[in-house]
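**Student:** One structure follows; several queries about it will come next.
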Amino acid sequence: MQSQCVTDGMHPDVPDVPKLPEFLDDAVVAAWSASGAPLVDLLRRARTPGRLTGFRRGGRAAVLVTDPRHVHQVLGVGGDRYVKRSHRARPLIGDGMLTATGEAWRSQRRLFQAMFTGRGIQRWEHHIAAAADRVIGRWAERARRGEPTDIAEDVQFFTVDTIWRSLTDHPLDQETYVDLAAVQDIVAALPADVGGAAALPPEVETALAALDERMHRAITQARGRRTADGAPGGGAPGGGAPDSGTPDGGAPGGGPSVLDRLLGAAETDPAYTDRLIRDELVTLLVAGYESSARTLTWAFVLLDRHPEVMERAAGDARAVEAVLSETLRLYPTGWLLPRQAVADETLDGLRIPAGTDLLVCPYLTHRDPEVWPDPEAFVPERFPVRTPLPPGAYLPFGIGPRACLGTRFAMREMEVLLGGLLDRFTVETTEPVGEPVFGINLRPAGPLYARVRERT
Ligand code: HEM
């Protein structure tokens, strides 16, 4: 028996194909499109519990995937058959690990895999601690002066600092921060469907040039140090002083920085040109700082609404971890993970023609009442989960071969900062938080001003 095609029900000119009730009508999509509402509104409307939903958007066939079983089949077991489409940020991140495919991706991922395991990230403990101390110091100063602080900005400085230290073994200075944090403006300015040739506004070109210059200077200096003494660490890319880990600025746990690792690879593998090294650095920066910063911001938004949870989490590392897990359930920053079917496929008895877009939506999956009782409520006590979740039910870091490389790093840095701040300060926002923005990342709009006070 031939399987039905997910797009069949949307062709009114094919009378013998039944129109399935869960299929989103063209008229609904057109009305949504005309309203200028965000994509998440269409997807909320499209979601049919337990089912795939097909629709056409901009002339392309798309399928919304939210049921854990389907998520598992697309990202998990089907990870090689449903692939990423060209990434919007490709002009920025080039051929780095986020956009690479096939053998090039496999070899890039292999190079970093061991560095980002639970054991591997121990080399960066001192970097994370030093970056957290900086923010704690800033808050102590704010508390002393009675001035509000912008939490969104503070946590972003922290996550750019931790990633920069891990890439180069050096702390972040203000000038470097400005150049690195500009990546979000660059990404925002890139056209949604990248042809590669689109002209960018002059200020974005300037920001991109400054970023490239920063990366090339770091590469040149690190290579110079390798040539001079054959040892990782030392020097000061970006103008910062060497960090305090060891006398030579290397990690006290031993092991190279990410940049050293890349330069080492370049000595034996000609694929690692300076261009690819730059692409990998920018990729880790782009992938590595914004999600962690936004998650920390969301955690403070939720804690502000639940002061009793904030009190319980102060001084309790397990409660802090649970707060972060629950924050990532309600606000997974990677709220939409698009894939494309390479060849014709069958999914849950439905035919998926080659080229169909599959929109995996962790944001909606995480709010499935079949899996999460009272799904809209912030209940950190759900974690750690007592009974194993169905595969595909919880995926803030993705699942399958393209799951997040930095999961352990991200959880560790967020635990250290959130735990350190809650131990020492009480926090109260001074202005209402902005609406959720469903862009490439899911973030609250605008700053998050709060008054912080030392605990007595
Ligand atoms: C709360 C913080 C973070 C969240 C929620 C997050 C989430 C994700 C998700 C959902 C994916 C999969 C995307 C997809 O399947 O299309 C991903 C991929 C990735 N993440 Fe993260 N991430 C976080 C932090 C980090 C950090 C700190 C790093 C690096 C230090 C990092 C590096 C990467 C890389 C390199 C990939 C691409 C992996 C590949 O394609 O093989 N992420 N992340």
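The values are calculated or read from the model by the stated rules, or taken from the named source; none is laboratory data. Since this is a predicted model, take the numbers as computed values, not measurements. Heads up, the Cβs are rebuilt from the backbone with ideal geometry, glycines too, and the neighbour counts pull from every protein chain shown. Note: accessible area is taken over every heavy atom of the protein model, side chains too, but ligands, DNA and RNA are not part of it. Shrake-Rupley method; radii C 1.70, N 1.55, O 1.52, S 1.80 Å.
**Student:** Go through the range 354-456 and tell me which strands (runs of 3 or more DSSP E), entirely inside it, have 2 or more residues that are more than 16 Å from the ligand (Cβ to nearest atom).
**Tutor:** 425-429, 449-454
Yes or no, residue by residue, for (1) under 26 Å from Ala319 (Cβ atoms); (2) surrounded by fewer than 21 Cβ atoms within 10 Å (Cβ to Cβ):
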{"site": "Ala343", "(1), (2)": "no, yes"}
{"site": "Val360", "(1), (2)": "no, no"}
{"site": "Pro369", "(1), (2)": "yes, yes"}
{"site": "Phe383", "(1), (2)": "yes, yes"}
{"site": "Leu395", "(1), (2)": "yes, no"}
{"site": "Pro401", "(1), (2)": "no, yes"}
{"site": "Leu405", "(1), (2)": "no, no"}
{"site": "Glu428", "(1), (2)": "yes, yes"}
{"site": "Gly446", "(1), (2)": "no, yes"}
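**Student:** Would you confirm, using the coordinates I've provided, whether Arg134 is in contact with a Ser or Thr (Cβ under 7 Å, 6 or more places away or on another chain), open to solvent by 60 Å² or more (accessible area, probe 1.4 Å) and modelled with pLDDT of 95 or more?
**Tutor:** Answer is no for this residue.
**Student:** With the condition kept exactly as written, say whether any residue in the range 327-335 is more than 21 Å from Phe409 (Cβ to Cβ) and either assigned by TED's automatic domain parsing to the domain that holds Phe158 or of a type in the set (A, V, I, L, M) (or both).
**Tutor:** Within the range 327-335, one or more residues are more than 21 Å from Phe409 (Cβ to Cβ) and either assigned by TED's automatic domain parsing to the domain that holds Phe158 or of a type in the set (A, V, I, L, M) (or both).
**Student:** Hey, another quick one. Under 7 Å by Cβ, and 6 or more places apart or on different chains, what pairs join a residue from the range 392-407 that is among the small types (Gly, Ala, Ser) and at pLDDT 95 or above with one that is assigned to a loop (DSSP other than H, G, I, E, B) and near the ligand (Cβ under 7 Å from one of its atoms)?
**Tutor:** So the pair list comes out as Gly398/Gly334; Gly398/Cys404; Ala403/Phe397.
**Student:** Oh, and also: Please determine whether any residue of the range 338-347 is in contact with a helix residue (DSSP H, G or I) (Cβ under 8 Å, 6 or more places away or on another chain), within 16 Å of the ligand (Cβ to nearest atom) and in the same structural domain as Gly59 (by TED's automatic domain parsing).
**Tutor:** Taking every residue of the range 338-347 in turn, at least one turns out to be in contact with a helix residue (DSSP H, G or I) (Cβ under 8 Å, 6 or more places away or on another chain), within 16 Å of the ligand (Cβ to nearest atom) and in the same structural domain as Gly59 (by TED's automatic domain parsing).
**Student:** Scanning the range 261-272 for residues that are more than 15 Å from Ala100 (Cα to Cα) and not in a helix (DSSP H, G or I), which turns out nearest to the ligand (Cβ to nearest atom)?
**Tutor:** Result: Asp269.
**Student:** Among the residues of the range 286-327, which ones are within 25 Å of Ala182 (Cα to Cα), open to solvent by less than 10 Å² (accessible area, probe 1.4 Å) and within 9 Å of the ligand (Cβ to nearest atom)?
**Tutor:** Tyr289, Ser292, Ala293, Thr295, Leu296
**Student:** What are the pairs with Cβ atoms under 7 angstrom where one residue, in the range 328-343, is closer than 16 Å to Ala403 by Cβ and the other, located anywhere, is of a type in the set (Val, Ile, Thr)? Sequence gap at least six, or different chains.
**Tutor:** The qualifying pairs are Leu328/Thr295; Thr333/Thr295; Leu337/Val360; Arg339/Val74; Arg339/Val83; Arg339/Val360.
**Student:** Just to be sure I understand, how many residues within the range 81-121 are farther than 27 Å from Asp185 by Cα, open to solvent by 70 Å² or more (accessible area, probe 1.4 Å) and within 12 Å of the ligand (Cβ to nearest atom)?
**Tutor:** Matching residues across the range 81-121 total 3.
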